[in-house]
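Chemist: Structure provided below as structure tokens; questions to follow.
None of the figures in this text is laboratory data; all of them are computed from the coordinates on show. Since we're looking at a predicted model, the values are computed, not measured. Cβ coordinates were reconstructed from backbone atoms using ideal geometry, including for glycine residues, and neighbour counts include every protein chain displayed.
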Amino acid sequence: MKVTAITLRPGNVIDHNNKLWVVTKYEIMQPGKGASVIQVEMRDLRGGSKDNVRFRTQETVEKIRLEDGEFQFLYSSDDIYTFMNKENYEQMEIPGETIGDPARFLQEGMTVNVRSFEGKALGVDLPATVIMTLTQADPVVKGQTASSSYKPAMLENGVRVMVPPHIEAGIKVVVKTEDGSYVERAK
């Protein structure tokens, strides 16, 4: 659907030069003389490259509507992740580069949101947090104050995380999927 460039916001997907781009930042600039322009920072959804484009505010661009669907994670083989559509039970294979770093927090049976365009997956949104078990936690160093110190620990998936001194190996913790940081002890 055609929209004016001034309505673009972060997260919008547009078709520009026969490529799909997601808007990451924008800035409306009003020069002392002439018409206003909008400076848009975009990332190519398929290639990952970034670009800055300047549009006149009245210029029209093609905004793309992506399909969202709930999928269940089944398994991974090499760097290919297999998901099942919860509505029609069709399976979809998605390469690890499409998912990015959060792929290391995928757990069997986890429900995720898959964004796709014309049947091709463009991104996977995991839940904000996951519960994982610590397999290894370094001992507490005497003399550290409990309020400001954290110690390194290892999650069951091999990811290193910083946890409070009272957390030991074998305990379940809540971890952010976005950056792998410790949130709290699982209840």
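Chemist: From the convex hull of the Cα coordinates of segment 60-102, what is the mean projected area in square nanometres? It would help to have the intermediate numbers written out before the result.
Modeler: Numbers: hull surface 17.3 nm².
With every direction weighted equally, the projected area is 4.3 nm².
Chemist: So between M154 and E67, what do we pick up on full extension, going 0.36 nm a residue minus the alpha carbon distance? It would help to have the intermediate numbers written out before the result.
Modeler: Working: separation 87, 0.36 × 87 = 31.32 nm, distance 3.63 nm.
Between M154 and E67, full extension yields 27.7 nm more.
Chemist: Right, next: Which value, in debye to the nearest 20, describes the size of the charge dipole of the chain about its Cα centre when Lys and Arg Cβ atoms bear +1, Asp and Glu Cβ atoms bear -1, and nothing else is charged?
Modeler: Working: 23 positive and 26 negative charges, 168 e Å.
In total the dipole reaches around 800 debye.
Chemist: Whose amide H sits under 5 Å from the amide H of L8, counting only residues 5 or more places off or on another chain, with H placed in the peptide plane?
Modeler: none
Chemist: Please identify the trypsin sites (Lys or Arg not before Pro) of segment 70-126 that satisfy two criteria: DSSP loop assignment and at most 16 other Cβ atoms within 10 Å. Which are they? Walk me through the intermediate numbers first.
Modeler: Details: sites: K86, R104, R115, K120; in loops: K86.
For trypsin sites (Lys or Arg not before Pro) across segment 70-126 that sit outside H, G, I, E and B with at most 16 neighbouring Cβ atoms in 10 Å, the list reads K86.
Chemist: Order 24-34, 174-184 from most to least packed using the mean count of other Cβ atoms within 10 Å. Numbers along the way, then the final one.
Modeler: Working: 24-34: 10.0, 174-184: 15.5.
Descending packing order for the listed peptides: 174-184, 24-34.
Chemist: OK, next. List the chymotrypsin sites (Phe, Trp or Tyr not before Pro) within segment 43-141 that DSSP assigns to loop and that have no more than 13 neighbouring Cβ atoms inside 10 Å. Mind showing how you got there, number by number?
Modeler: Values: sites: F55, F71, F73, Y75, Y81, F83, Y89, F105, F117; in loops: Y89.
Sites meeting the loop and neighbour criteria: Y89.
Chemist: Once phi is turned into ³J(HN,Hα) by the Karplus curve 6.51 cos²θ - 1.76 cosθ + 1.60 with θ = phi - 60°, what whole-Hz value does each residue of segment 108-115 show in order, with x for glycine and proline?
Modeler: 4, x, 5, 8, 10, 9, 10, 8
Chemist: A follow-up question, please. Where the Cα atoms of the chain are projected onto their three principal axes, how long is each span, largest first, in whole Å?
Modeler: Largest to smallest, the principal-axis extents are 66, 48, 27 Å.
Chemist: Applying a 10 Å radius around every beta-carbon, put 131-138, 46-53 in order of their mean neighbour count, most first.
Modeler: Values: 131-138: 15.5, 46-53: 11.5.
The densest-packed peptide leads the list: 131-138, 46-53.
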